[in-house]
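Colleague: Below: one structure in structure tokens.
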Amino acid sequence: MPLHLHNSLTRRLEPFEPLDPHRVTVYACGPTVYNHVHIGNWSLSLVSDVFVRWLRESGYTVVYVQNITDVEDKIIRDAQAAGEDRATFTKHWADKYLKGMDALGNTAQVDHFPRATDYVHGMVAMIQTLLDSGHAYYADDGSIYFRIASFPTYGELANLDRSMLKAGASGRIKDDEYDKEAVGDFALWKGYVETDGEVYWSPTFTIDGKGLLVKGRPGWHIECSVMSTALLGPSIDVHLGGEDLLFPHHQNEIAQSEAALGKRPFVKYWLHHKHLLVNGAKMSKSKGNFFTLQDLFDRYGKKVAPAFRLLITSGHYRKSLDFTFGGLEAAQKTLHNLGEARERFAKAAGGEEPSDFGAEATAAFTAAMDDDLNSSEALAAVHKLVSEANRLNQDGALAPGQAAAAVALLDKADRVFGLMLSAGTRELTPAQQATVDARAKARSDKDWAEADRLRDVLAAEGILVKDSKDGQAISFA
Ligand SMILES: [Zn+2]
């Protein structure tokens, strides 16, 4: 069975047939950069990462965009509270986010990280198109709204009750975030208010044939429509996001894009990821179960990253996974065992070609991933083959070709899930490479104290440095 995905738009499992089989386009809503990103958001980022890895492993050429929202209600509120301007404030949090992406091994798959404020010109243009076609209007509060009554399929993705839609259609909502009860015309361009401080643009819109300067800022939803269109075109294959984004954010993206661009569907397959639970409950600061990636690193060091990946991958993206520290520690142990097994099998293989010993397990792995990314079943196929190979090895009966087959499947799982099982598949992040280079320089400058300090910095991230007369040799703990 070829790849099938559960499409939130049709609420069905559908065969994956990209619009252009030679160029699959994928967009994932990225973070709003105003604070630490919590592990629930990171789990979504991992699901998108594994999805794109799987497409590439399956032979597709993929263009994958993940945006960074750097202008939005919460950003303005918190930048002011921090006494910083928007640009400085969001750069700080975006940098932190990108470092987390590096640490998790998520950066390499992403082709573009657009920032919303670089696309305001395109947002103004799309809003103008919506004004011209009657899908948008300028209201007496100085903002421009999308007229949901002008878009007959509004509510399709969110499966909204049409009668509720009618009741709400007369209302307007300016906030970026709201729930289904507040359904109404939503803000495309938010007229300036004093609390926006220094955050505004001053475009001129043509409204009823007249030019009007409307000082203000874009609404959150238009940002994704414009960044997606600018980088991937008017129709894309797959859009991913957390289940909380389905309404209103994704519903509004559809309305804006399809109304402005006249292309339907804006997105062929919508994938929504269930929320991560922590200790059996929804994450919240008041419950004390709210954790960031940094919290995990503080407790276990950065080398915990692949175990976090394994833990998230061990569940299905459409089912709530319960994160616990016990679960994370178990994943660390499993990963350690898989790494050791790989080393053992690689030695036993002795350069031999893989036999068909792993054929059944590899087929099961592929079938599971093709079945709406059933990563837990795919991992079960890997564990099964590893156990069989271990059993044979203990009896001294593991043939080199069998060992090579086990290594091949482990390496496949490694590429797809990013488990960093062997030094060969694990790469230094740009920041880590810079530290390695700085240490080489410190050594050539005979600054031994600095070289020792940098060795410790690398060790804390699970990177071991050995010195020889030929320079530094890197290995992974
Ligand atoms: Zn978005």
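Colleague: Before we move on, is GLY351 surrounded by fewer than 15 Cβ atoms within 10 Å (Cβ to Cβ) and modelled with pLDDT under 95?
Modeller: Here the answer is yes, as GLY351 does meet what is asked.
Yes/no matrix, rows are residues, columns are (1) surrounded by 13 or more Cβ atoms within 10 Å (Cβ to Cβ); (2) at pLDDT 95 or above; (3) aliphatic (A, V, I, L, M); (4) part of a loop (DSSP other than H, G, I, E, B):
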| site | (1), (2), (3), (4) |
| --- | --- |
| LYS166 | no, no, no, no |
| ASP176 | yes, no, no, yes |
| GLU181 | no, no, no, no |
| LEU188 | yes, yes, yes, no |
| PHE205 | yes, yes, no, no |
| GLY211 | no, yes, no, no |
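Colleague: I would also like to ask the following. Please report, ordered by residue number, the helices (runs of 4 or more DSSP H) entirely within the range 8-105 with at least 3 residues that are within 23 Å of TYR178 (Cα to Cα).
Modeller: Helices (runs of 4 or more DSSP H) meeting the threshold: 39-57, 73-82.
Colleague: Determine whether ASP414 is acidic (Asp, Glu) and exposed (fewer than 15 other Cβ atoms within 10 Å of the Cβ).
Modeller: No: the conditions fail for ASP414.
Colleague: Output the number of the condition that VAL407 fails; it satisfies all remaining conditions of (1) assigned by TED's automatic domain parsing to the domain that holds ALA348; (2) among the β-branched types (Val, Ile, Thr); (3) without any contact (Cβ under 8 Å) to a residue 40 or more places away in the chain.
Modeller: Result: VAL407 fails condition (3) only.
Colleague: Any idea which of ALA378, ALA368, ALA307, ALA363 is within 17 Å of PHE417 (Cα to Cα), assigned to a helix (DSSP H, G or I), free of Cβ contacts under 8 Å to residues at least 12 places away in the same chain and of a type in the set (Gly, Ala, Ser)?
Modeller: Being within 17 Å of PHE417 (Cα to Cα), assigned to a helix (DSSP H, G or I), free of Cβ contacts under 8 Å to residues at least 12 places away in the same chain and of a type in the set (Gly, Ala, Ser) holds for just one of ALA378, ALA368, ALA307, ALA363, which is ALA363.
Colleague: Return yes or no: is LEU157 within 21 Å of SER8 (Cα to Cα) and assigned to a loop (DSSP other than H, G, I, E, B)?
Modeller: Against the criterion (within 21 Å of SER8 (Cα to Cα) and assigned to a loop (DSSP other than H, G, I, E, B)), LEU157 qualifies.
Colleague: Starting from residues that are among the hydrophobic types (A, V, I, L, M, F, W, C) and outside any helix (DSSP H, G or I), keep the ones in the range 432-477 and report whichever is surrounded by the most Cβ atoms within 10 Å (Cβ to Cβ).
Modeller: The qualifying residue surrounded by the most Cβ atoms within 10 Å (Cβ to Cβ) is ILE463.
Colleague: Quick check on ALA408: is it over 31 Å from the mean Cα position of the chain (by Cα) and either crowded, with 17+ Cβ neighbours inside 10 Å or assigned to a helix (DSSP H, G or I) (or both)?
Modeller: So ALA408 fails the test.
Colleague: Sticking with this structure for a sec: With PHE247, PHE291, PHE266 as the choices, which residue is surrounded by 18 or more Cβ atoms within 10 Å (Cβ to Cβ) and at pLDDT below 95?
Modeller: Of PHE247, PHE291, PHE266, the one residue that is surrounded by 18 or more Cβ atoms within 10 Å (Cβ to Cβ) and at pLDDT below 95 is PHE247.
Colleague: For the range 348-357, check the following and say yes or no: at least one residue is outside the structural domain of GLU17 (by TED's automatic domain parsing), touching a residue at least 60 places away in the same chain (Cβ under 8 Å) and assigned to a helix (DSSP H, G or I).
Modeller: The answer is no, given that none of the residues of the range 348-357 is outside the structural domain of GLU17 (by TED's automatic domain parsing), touching a residue at least 60 places away in the same chain (Cβ under 8 Å) and assigned to a helix (DSSP H, G or I).
Colleague: When you scan the range 284-300, do you find a residue that is within 16 Å of the ligand (Cβ to nearest atom) and closer than 26 Å to CYS224 by Cα, even just one?
Modeller: No.
Colleague: Oh, and also: Which one of these is more than 16 Å from the ligand (Cβ to nearest atom), surrounded by fewer than 23 Cβ atoms within 10 Å (Cβ to Cβ), assigned by TED's automatic domain parsing to the domain that holds GLN109 and not polar (S, T, N, Q): TRP42, TRP54?
Modeller: That would be TRP54, the only listed residue that is more than 16 Å from the ligand (Cβ to nearest atom), surrounded by fewer than 23 Cβ atoms within 10 Å (Cβ to Cβ), assigned by TED's automatic domain parsing to the domain that holds GLN109 and not polar (S, T, N, Q).
Colleague: Oh, and also: Please enumerate the residues belonging to the range 98-108 that are surrounded by fewer than 21 Cβ atoms within 10 Å (Cβ to Cβ) and closer than 17 Å to LEU296 by Cβ.
Modeller: LYS99, ASP102
Colleague: LYS74 is checked against (1) modelled with pLDDT under 95; (2) away from the ligand (no atom under 16 Å from the Cβ); (3) not hydrophobic (A, V, I, L, M, F, W, C) and fails just one. What number does that condition carry?
Modeller: Just one mismatch for LYS74, condition (2).
Colleague: Among ALA341, ALA330, which is the only one that is in contact with a helix residue (DSSP H, G or I) (Cβ under 9 Å, 6 or more places away or on another chain), surrounded by fewer than 16 Cβ atoms within 10 Å (Cβ to Cβ), small (Gly, Ala, Ser) and in a helix (DSSP H, G or I)?
Modeller: ALA330 is the lone residue from the list that is in contact with a helix residue (DSSP H, G or I) (Cβ under 9 Å, 6 or more places away or on another chain), surrounded by fewer than 16 Cβ atoms within 10 Å (Cβ to Cβ), small (Gly, Ala, Ser) and in a helix (DSSP H, G or I).
Colleague: Here's another thing I want to ask about it. In the range 233-264, what residues are outside any strand (DSSP E or B), under 19 Å from TYR64 (Cβ atoms) and away from the ligand (no atom under 13 Å from the Cβ)?
Modeller: Selection gives GLY233, PRO234, SER235.
Colleague: Could you list, in sequence order, the residues of the range 213-223 that are within 16 Å of the ligand (Cβ to nearest atom) and either surrounded by fewer than 16 Cβ atoms within 10 Å (Cβ to Cβ) or assigned to a helix (DSSP H, G or I) (or both)?
Modeller: TRP220, HIS221, ILE222, GLU223, listed by residue number.
Colleague: Would you pick out the residues in the range 269-288 that are hydrophobic (A, V, I, L, M, F, W, C) and either touching a residue at least 12 places away in the same chain (Cβ under 8 Å) or surrounded by 16 or more Cβ atoms within 10 Å (Cβ to Cβ) (or both)?
Modeller: TRP270, LEU271, LEU276, LEU277, VAL278, MET283
The values are calculated or read from the model by the stated rules, or taken from the named source; none is laboratory data. Quick caveat: nothing in here was measured; it's all calculated off a predicted structure. Don't worry about glycine lacking a Cβ; one is built from the backbone with ideal geometry, like all the others, and counts go over all protein chains shown.
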